[in-house]
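In what follows, a structure is listed as structure tokens, so that the remarks can point back to it.
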Amino acid sequence: MERRRGDSYLGKEFSEPAGLPEDVHVKLKLVCVDCHQTGEGGMGHIERKANCQDCHIEVEEALAKSVHKKVACAACHVKVLGAYEMTSWGSGKILSKPNPFKKYSLYYGPQEPPVLVKDRTGIWMPVKIWPNSVGYIKEKIEPKPGLTWRWPGGETRDAFVQLGTFSVTGGNNNYFAWLQVEEVAHPLGKARTCENCHASERQESKVTWRFYDSQGAEPFTGSQRVVADKSGLRVSDIKATSKITLMEGGNTKDFAAWLLLGDIWKTSGDFSIPRSDPAKYRNLESGIRKRTQKYEAGDRDLKQREARGEDVKKLRRQWREEKAAAVHGAYVLAP
């Protein structure tokens, strides 16, 4: 999970690639355990789940009344993802000794925006999706359509797509291939626009990456697309965008099996965004912008009154409730 959850919270020089945004809560000096409870083992037993309602009760209440009541907060508030964009197991060295299952995972780059999928309870959530393959598999493994959830009891909302085994000329016996489909929760920031999700039922995430493992090849760059629509979920157009220069003993069948496997990275199912009336959400966005200006002015007024020593706790609570309802779509706004 390196660089995909905790480090994506910190962002900037801690992200892969470096320079991705930090989580909005970093600026408020919040650390992991402020939101994620720990057990008897301390950080070793940290809870993966955090509850936005602990701090944002007005927002949670507004969402519960809105058309987005089955949309996770992160679905709108996470806009870019870093870290793994490809993983390939093949021959290489581990601890200076030859091994057929060396993991080539340093295909790091941004994926933007996240793809949204429904969890097992019908909640829309953002996920990171990337191709994986491992060679030297002797038995035949059949594909499974759609998503396979890693934890049937719901301990996590991570999943994968089992693509099965593939034999290709010049490859490493059978390759077992799958798509990793993992829930993301950071970096939280300013929300995506309505149009970003609802302009099309088809979702597309653009991906660029840089390979810089210590084995296989000198650093090179590449790109791909993640597409989710009515016909399924797929990673397509995987390609190198700079020259691949092999290191001594390097072979693409080991560190870049995707060059051999071709267009296999897909599964069936309906992964499209529900159809929406463009006029409706554009009207909503226009209303939100105007209401936001009103609430910013109200915030300035409350701060001035607080500075004068006035008790404005009730007014501040009312301000938070009205702002949350307006911004999070608890009702339709006039422009």
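The values are calculated or read from the model by the stated rules, or taken from the named source; none is laboratory data. Note that the coordinates shown come from a computational prediction; the quantities given were computed from them, not determined experimentally. With ideal geometry, Cβ positions are generated from the backbone for all residues, glycine too; neighbour counts draw on all protein chains shown.
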- Task: Give the residues of region 308-323 that are closer than 17 Å to residue 293 by Cα and charged (D, E, K, R), sorted by residue number.
- Result: 316, 320, 321, 322, 323
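Across region 216-226, which residue is surrounded by the most Cβ atoms within 10 Å (Cβ to Cβ) among those that are assigned to a loop (DSSP other than H, G, I, E, B) and of a type outside the set (D, E, K, R)? Spell out the reasoning first.
Taking region 216-226 and keeping what is assigned to a loop (DSSP other than H, G, I, E, B), we get 216, 218-219.
Add one more test, that the residue is of a type outside the set (D, E, K, R), and what stays is 216, 219.
Values: 216: 24, 219: 12.
Filtering first and then ranking leaves 216.
Just wondering, is there one or more residues in region 64-74 that are without any contact (Cβ under 8 Å) to a residue 40 or more places away in the chain and not aliphatic (A, V, I, L, M)? Walk me through how you get there before you give the answer.
Within region 64-74, the first condition is being without any contact (Cβ under 8 Å) to a residue 40 or more places away in the chain, and the residues that meet it are 64, 69.
Retained after the next criterion (residues that are not aliphatic (A, V, I, L, M)): 69.
Yes, region 64-74 contains at least one residue that is without any contact (Cβ under 8 Å) to a residue 40 or more places away in the chain and not aliphatic (A, V, I, L, M).
Could you check region 189-205 and list, in sequence order, the residues that are in contact with a strand residue (DSSP E or B) (Cβ under 6 Å, 6 or more places away or on another chain) and either among the charged types (D, E, K, R) or surrounded by fewer than 21 Cβ atoms within 10 Å (Cβ to Cβ) (or both)?
Within region 189-205, the subset in contact with a strand residue (DSSP E or B) (Cβ under 6 Å, 6 or more places away or on another chain) is 202-205.
Hits for region 189-205 are 202, 203, 204.
Could you say whether any residue in region 89-97 is among the hydroxyl-bearing types (Ser, Thr, Tyr) and buried (at least 21 other Cβ atoms within 10 Å of the Cβ)?
no
Please list, ordered by residue number, the helices (runs of 4 or more DSSP H) wholly in region 227-335 having 3 or more residues that are over 30 Å from residue 173 (Cα atoms).
Details: elements: 252-255, 258-261, 278-307, 313-327.
Hits in region 227-335: 278-307, 313-327.
Quick one: which helices (runs of 4 or more DSSP H) lie wholly within region 1-81 and hold at least 3 residues that are of a type outside the set (S, T, N, Q) and under 19 Å from the mean Cα position of the chain (by Cα)?
On the way: elements: 6-10, 32-35, 57-64, 73-77.
Here the list reads 6-10, 73-77.
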- What residue, among those in region 106-119 that are assigned to a loop (DSSP other than H, G, I, E, B) and in contact with a Phe, Trp or Tyr (Cβ under 6 Å, 6 or more places away or on another chain), is farthest from residue 89 (Cα to Cα)? 109
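Every residue, every condition in (1) closer than 20 Å to residue 164 by Cα; (2) at pLDDT 90 or above; (3) out of contact with any strand residue (DSSP E or B) (no Cβ under 6 Å at 6 or more places or on another chain); (4) surrounded by fewer than 17 Cβ atoms within 10 Å (Cβ to Cβ), yes or no:
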residue: 230; (1), (2), (3), (4): no, yes, yes, yes
residue: 241; (1), (2), (3), (4): no, yes, no, yes
residue: 248; (1), (2), (3), (4): no, yes, yes, yes
residue: 260; (1), (2), (3), (4): yes, yes, yes, no
residue: 279; (1), (2), (3), (4): no, no, yes, yes
residue: 287; (1), (2), (3), (4): no, no, yes, no
residue: 292; (1), (2), (3), (4): no, no, yes, yes
residue: 296; (1), (2), (3), (4): no, no, yes, yes
residue: 301; (1), (2), (3), (4): no, yes, yes, yes
- Restricting attention to region 123-169, which residues are farther than 22 Å from residue 102 by Cβ, under 19 Å from the mean Cα position of the chain (by Cα) and not in a loop (DSSP other than H, G, I, E, B)? 124, 125, 126, 127, 128, 129, 148, 149, 159, 161
